[in-house]
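Have a look at the structure below before the remarks.
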Amino acid sequence: MENKCKCGKEIPSGRLKLGFTGCIGCSSAEAYGCVRISNHKTGNEIQITSQATMRTMIKLGARKGYGVLSGMKHN
């Protein structure tokens with residue numbers, strides 16, 4: 001089993017055991033993201049998603065204000 005990446009760096013044995021053929025720097029796999037899901041104050045979960053979905057969900061879930069106050073401009 002070859003332990004060198006195409007860029008010349010050594011591939012860690014853990015990556016080789018998992019079937020990867022390149023180093024982390026040359027990998028085309030995107031890192032996962034997660035979004036918090038609040039079911040109850042003591043029983044929350046996370047949803048594993050892509051990075052793009054994670055950024056979108058965090059943006060959509062950001063608190064912007066309360067009812068009437070959401071349209072007010074603060075000086």
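The values are calculated or read from the model by the stated rules, or taken from the named source; none is laboratory data. This is a predicted model, so every value here is computed, not measured. Cβ: placed from backbone, ideal geometry, glycine included. Neighbour counts: every protein chain shown.
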R63, sole failed condition from (1) in contact with a Cys (Cβ under 8 Å, 6 or more places away or on another chain); (2) modelled with pLDDT under 85; (3) not aromatic (F, W, Y): (1)
Residue list for segment 13-55, restricted to those being surrounded by fewer than 12 Cβ atoms within 10 Å (Cβ to Cβ) and assigned to a loop (DSSP other than H, G, I, E, B): L18, G19, G25, S28, A29, E30, A31, N39, H40, K41, T42, G43
Pair list, Cβ < 8 Å and 6+ apart or interchain, from segment 27-41 residues that are of a type outside the set (F, W, Y) to residues that are surrounded by 11 or more Cβ atoms within 10 Å (Cβ to Cβ) and part of a loop (DSSP other than H, G, I, E, B): S27/F20
